[in-house]
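The values are calculated or read from the model by the stated rules, or taken from the named source; none is laboratory data. No experiment lies behind these values; they were computed from the predicted model shown. Cβ atoms come from the backbone with ideal geometry, glycine included; neighbour counts cover every protein chain shown. Note: accessible area is taken over every heavy atom of the protein model, side chains too, but ligands, DNA and RNA are not part of it. Shrake-Rupley method; radii C 1.70, N 1.55, O 1.52, S 1.80 Å.
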Amino acid sequence: MTQNTETKTAHHPINMWPFAAVFAICAVIQFDALAAIIPNQTAALGTTPVVWGIGAVFISVKMKRENSDHLLYNSFPLSGRDGLILFFVTAGGIAMAAGNYLYAGLKPLFIRELFTGYPLYTIRNIIYFPLEVLLMMQLLVHSQAAGELLTKRSSVPWGAFALFLLWGLPHILWRGFSDGIVSALRAFIYSIPFYASGKNIRTSYIGMIILWFL
């Protein structure tokens, strides 16, 4: 007599939060384009930082809770390795900024946008750009997690590809083809601190801010 033994394999449900977060973050980021249709210029400029701030805080709180159950990122204190990463990020950013200025006459972003001579616009930019970088980092983190969940492959930079497609390329619609392509390609540069630091969001955010403003 042969006894058939059925082996039951437990199937754990896929964590859907990274996928939902990707869509939510994209919607928050693209609100900037919708704000452009507001007739009042002051209101249009001020609305985006408010919406981005609310969205970024909500995503951050939820992301922290999810990370305790499903590791999405690391938040280690900055180490010597992180300092070395940030050193090379800064040096590389300065080199690119110097090249842009010498060959194209383009000043670094922090000079163009933070020394405008218009106090309200400057204050808005001090809030606006760090929030955009924060949302970019959140998109990077969740897209990487979603890609790994779908494919079980952590060696592929899914987050960088998502940043290229979902943050960079849409610039084509709002700022033209050339700006869109350049922004999309820069997505890979902004992703470097995240992967080089082993998904440490502290190093990632600082590195992305440095690259952004240079």
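Points worth noting:
- Computed from Cα atoms, the angle from the helix 41-69 axis to the main principal axis of the chain rounds to 30 degrees.
- With Cα atoms, 0 to 90° folded angle of helix 119-151 axis to the chain main axis: 20
- Cα long-axis angle, helix 201-213 against the chain (0 to 90 degrees, to the nearest 10): 30
- Whole-percent pair-distance distribution, where bins are 10 Å wide, for the alpha carbons of the chain: 8, 29, 35, 18, 5, 3, 2, 1, 0, 0
- Most positive-pole-ward Cα, 139, 155, 17, against dipole of the chain from beta carbon charges: 155
- Rounded to the nearest 20 debye, the dipole size of the chain about its Cα centre is 180 debye, using +1 on the Cβ of Lys and Arg and -1 on the Cβ of Asp and Glu.
- Positive-end extreme of charge dipole, the chain - chosen from 188, 42, 26 (charges on Cβ): 188
- Per-residue [θ]222 nm for the chain (sum of -39500 (n - 2.57) over DSSP H runs n ≥ 4, rounded to 500): -23500 deg cm²/dmol
- For residue 200, distant residues with modelled amide H under 5 Å away: 74
- Here the alpha carbons of segment 130-176 define both size measures, Rg and Dmax, at 11.8, 36 Å.
- Spatial offset of segment 34-51 relative to segment 163-187 amounts to 21 Å, using the alpha carbon center of each.
- Taking trypsin sites (Lys or Arg not before Pro) in DSSP loop conformation with at most 13 other Cβ atoms inside 10 Å as exposed sites, the chain has its longest uninterrupted site-free stretch at 9-151.
- Working note: Debye formula, equal point scatterers on the alpha-carbon atoms of segment 103-214, no solvent; log10 I(q)/I(0) at q = 0.10 Å⁻¹ is -0.32.
- Difference of contour (0.36 nm per residue) and Cα-Cα distance, residue 23 to residue 181: 54.7 nm
- For the chain, the share of accessible area belonging to carbon and sulfur comes to 68 percent (1.4 Å probe, ligands and nucleic acids excluded).
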